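Note sheet for the following structure.
The values are calculated or read from the model by the stated rules, or taken from the named source; none is laboratory data. Bear in mind the structure is a predicted one, so any value in this text is a computation, not a measurement. Positions of Cβ are generated from backbone atoms using ideal geometry, with glycine treated the same way; all protein chains shown enter the neighbour counts.
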Amino acid sequence: MLKNLKIDSLIYPYFVTAGEGQKQAIDLFPGVYRFSSDTLLEEISQIRELGLRRILFFAVTDKKDATGSHADRPNNFFVRAIKEIKDTFPDLSVITDVCLCAYTSHGHCGILKAQSAKGKTQSVLLDQGLTLERLSQIALSHARAGADWVAPSAMAKGQVHAIRAALDKNGYSRTKILGYSAKFASSFYGPFRNACASAPRFANRSSYQLDYQGSRKALQEIADDIKEGADTVMVKPALAYLDVIREAKEKFAFPLAAYNVSAEYVLVKLGAREGLFSERKMVSEIISSIKRAGADYIITYHAKDIAKWLKEN
Ligand code: PBG
């Protein structure tokens with residue numbers, strides 16, 4: 001099973017929270033925790049033993065306001081954790097999520113235009129200028145902490161270009177960008193939003209995430225991100241979007257990641273727990289399908305289990 005899978009093609013996501021000694025279980029998200037930096041360091045030394053080298057970090061905080069001001073506050077808990085991890089394990093490839101949804105009181109991924117902020121509209125509008133400014137500052141704070149890659153996930157127009165410019169201007173031209181290029185407005189993000197308490201408090205994300213009924217716009221977004229300077233592009237979620245992964249790979253022949261997102265993972269975990277199927281076989285089939293479709297990298301919460309299984313083989 002998964003014989004041809006290279007462990008280096010897997011990216012393992014972690015949720016980072018403030019405090020000490022934290023390893024908080026998350027409701028209906030089995031095997032996934034919110035770690036504080038100290039427990040995270042122990043955890044990471046374990047997964048390094050298993051051969052995992054690429055990690056994606058998300059911040060979880062209850063310090064929320066309208067502009068997500070905590071996100072790039074100097075030396076905030078997230079930036080400190082990244083720095084500690086990179087100082088301890090310089091060989092890790094550290095990728096940080098760059099978004100505002102975990103930090104905003106309204107739960108949206110950017111700064112809202114005034115009329116949207118009142119919460120009366122069905123679909124909200126992001127203020128592009130302010131959002132790009134904030135995302136660039138956040139990306140810069142992660143780069144300063146030692147992130148190898150920043151991964152803007154807000155789906156704000158021009159985010160890759162703005163972040164690339166800010167990084168270059170400040171001497172971080174070696175920090176790479178993983179663009180969440182084709183990110184669909186999806187029901188598959190439920191457990192993730194529980195983990196970060198980042199569900200929108202009103203309206204939904206359909207004004208800035210993609211409609212799943214078509215793929216043309218997704219391919220356009222990928223083309224835009226490549227033009228704006230992304231080093232790797234992404235399709236997210238993965239399973240219901242294998243056609244988009246395939247099309248993107250064929251059309252662009254560019255490094256491509258697919259995000260096997262939280263509900264895709266939880267469905268497998270819960271089904272296996274109920275004895276509906278073998279978890280190992282199911283994960284093997286799913287990961288193989290994402291690879292077969294054309295993904296070079298797979299971001300997956302199954303990564304640690306897969307790494308263990310590969311060791312046992
Ligand atoms: C948004 C973001 C989301 C995920 C990662 N970053 C989704 C969202 O809330 O719109 C979801 C990942 C998952 O479900 O595993 N910044």
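Here are the numbers for the structure shown:
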{"quantity": "Residue among THR67, THR104, THR96 that alone is over 15 Å from VAL16 (Cβ atoms), among the polar types (S, T, N, Q) and surrounded by 24 or more Cβ atoms within 10 Å (Cβ to Cβ)", "calculated": "THR104"}
{"quantity": "Residue in region 124-141 that is of a type in the set (Lys, Arg), farther than 23 Å from TYR265 by Cα and more than 18 Å from the chain's Cα centre (by Cα) present", "calculated": "no"}
{"quantity": "Matching entry among ILE47, ILE55 (being touching a Leu at 6+ places or on another chain (Cβ under 9 Å) and touching a residue at least 40 places away in the same chain (Cβ under 8 Å))", "calculated": "ILE55"}
{"quantity": "Search result, residues across region 268-283 that are within 16 Å of the ligand (Cβ to nearest atom) and within 18 Å of TYR12 (Cα to Cα)", "calculated": "VAL268, LYS269, VAL283"}
{"quantity": "Verdict on ALA162 being surrounded by fewer than 24 Cβ atoms within 10 Å (Cβ to Cβ) and free of Cβ contacts under 8 Å to residues at least 40 places away in the same chain", "calculated": "yes"}
{"quantity": "Single match in THR131, THR39, THR67 (criterion: on the phi < 0 side of the Ramachandran plot and free of Cβ contacts under 8 Å to residues at least 24 places away in the same chain)", "calculated": "THR39"}
{"quantity": "Long-range neighbours under 7 Å by Cβ, at least six apart or interchain, first residue among the β-branched types (Val, Ile, Thr) within region 83-107, second near the ligand (Cβ under 10 Å from one of its atoms)", "calculated": "ILE95/LEU56; ILE95/ALA151; THR96/ALA151; VAL98/ALA151; VAL98/PRO152; VAL98/SER153"}
{"quantity": "Which listed residue, of ILE95, ILE11, ILE85, is more than 23 Å from ARG193 (Cβ to Cβ), modelled with pLDDT of 95 or more and touching a strand residue (DSSP E or B) at 6+ places or on another chain (Cβ under 9 Å)", "calculated": "ILE85"}
{"quantity": "Counted residues, region 55-87 - those being of a type in the set (Asp, Glu) and under 19 Å from PRO152 (Cβ atoms)", "calculated": "1"}
{"quantity": "In region 259-296, the residues that are among the aromatic types (Phe, Trp, Tyr) and surrounded by fewer than 21 Cβ atoms within 10 Å (Cβ to Cβ)", "calculated": "PHE277"}
{"quantity": "For ASN4: the one exception among (1) assigned to a helix (DSSP H, G or I); (2) closer than 25 Å to VAL261 by Cα", "calculated": "(1)"}
{"quantity": "Helices (runs of 4 or more DSSP H) fully within region 136-249 counting 3 or more residues that are modelled with pLDDT under 95 and within 12 Å of the ligand (Cβ to nearest atom)", "calculated": "190-196"}
{"quantity": "Extreme residue, farthest from the chain's Cα centre (by Cα), among residues of region 187-203 that are closer than 25 Å to ILE163 by Cα and surrounded by fewer than 20 Cβ atoms within 10 Å (Cβ to Cβ)", "calculated": "PRO200"}
{"quantity": "Selection within region 250-280 - among the polar types (S, T, N, Q) and either in a loop (DSSP other than H, G, I, E, B) or in contact with a Gly (Cβ under 9 Å, 6 or more places away or on another chain) (or both)", "calculated": "SER262, SER278"}
{"quantity": "Hits in region 36-54 (condition: touching a Ser or Thr at 6+ places or on another chain (Cβ under 7 Å) and either among the hydrophobic types (A, V, I, L, M, F, W, C) or surrounded by fewer than 14 Cβ atoms within 10 Å (Cβ to Cβ) (or both))", "calculated": "LEU41"}
{"quantity": "First in region 211-225 and surrounded by 13 or more Cβ atoms within 10 Å (Cβ to Cβ), second anywhere and among the acidic types (Asp, Glu) and in a helix (DSSP H, G or I), Cβ under 7 Å, 6 or more apart", "calculated": "SER215/ASP243; SER215/GLU247; LEU219/GLU247"}
